[in-house]
Amino acid sequence: MSRTSNRADGDIVQDFLSVADLLEEPQLAQLYAYLAREGEATVQDVMDDLELAQGTAYSYVNRLVDAGVVHATDDEQPRRYAAREIDLTVTTAAGDREYTITPALIDAVGRRETDADIDTYIDRHGVAGFATALTYAVARERGEVTHRLMAEDLDISPLAAEMILQALRPVVHEHYGIGEDVCHDTEEGANV
């Protein structure tokens, strides 16, 4: 679902609305991230792996299919479903920041219900601020920035920066293939 300039405006708006649903409902984001990670899965797989009731699993899968972000890979029973690639760039209302909605961001939002640090950060800074934090988390795992630099750039406390960077670390490792052998700053100093 990458954006290109030859798409009709109505298609782009519909795609954006579909992605907005994922960012507003962590359960849908979690399911999308699961399908993106697994490649393909049946509704039974979804029920087993995400511990969802049958009715909930079918409802969520159907909602994502209707939204166009998930598709059935064949017509055989049981049907297998896969996530469509999402890469949508959005500019904030003030026009001062641009962020890209990717499977990694959707996965991170999907962790909102199980990670209080992610939930708090999104409540305080919105999805746009959260997307910015994810960008810093990738740079931090690559050894390019520290939590103190992030805190200064975003005008947040160093502790808040460290907490969200730690919460986003598993997402970065899963989606960006960054190894565990990178040094990281912590509140106490460098940590290998």
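Values in this text are rule-based calculations from the coordinates and carry no lab data. All figures in this text were calculated on a predicted structure; none of them were measured in a lab. Neighbour counts are summed over all protein chains in view; Cβ atoms, including those assigned to glycine, are modelled from backbone coordinates with ideal geometry.
Using a simple spin-label model with points 7 Å from Cα along the Cα→Cβ vector, what separation in nm is obtained for GLU38 and THR120?
Rounded to a tenth, the inter-label distance reads 3.2 nm.
Grab the other residues whose beta carbon is less than 15 angstrom from that of GLN77, score K and R as +1, D and E as -1, and report the net.
-3
When ranked by the protection proxy of mean other Cβ atoms within 10 Å per residue, highest first, what sequence do the peptides 28-40, 94-106 form?
The peptides rank, most packed first, as 28-40, 94-106.
Between ALA82 and ALA94, with labels modelled 7 Å along Cα→Cβ, what's the label distance in nm to one decimal, could you check?
Spacing of the two 7 Å Cα→Cβ label points: 4.1 nm.
Could you derive backbone 3J(HN,Hα) for the stretch 110-119 from the dihedral phi with the Karplus parameters 6.51, -1.76 and 1.60 (θ = phi - 60°), listing whole Hz in sequence and x where the residue is Gly or Pro?
Rounded to whole hertz, the list is x, 8, 4, 6, 10, 10, 5, 5, 5, 4.
Using θ = phi - 60° and the Karplus relation 6.51 cos²θ - 1.76 cosθ + 1.60, list the HN-Hα couplings for the stretch 155-162 in order, rounded to whole Hz, with x at every Gly or Pro.
Ordered by residue, 3J(HN,Hα) equals 6, 10, 6, x, 5, 4, 5, 4 Hz.
Fully extended, how many nm does the chain gain between THR56 and GLU144 (0.36 nm per residue separation, minus their Cα-Cα distance)?
So the chain would gain 27.5 nm between THR56 and GLU144.
If packing is taken as the mean number of other Cβ atoms within 10 Å per residue, what is the order of 145-156, 130-141, highest first?
Peptide ranking by packing, descending: 130-141, 145-156.
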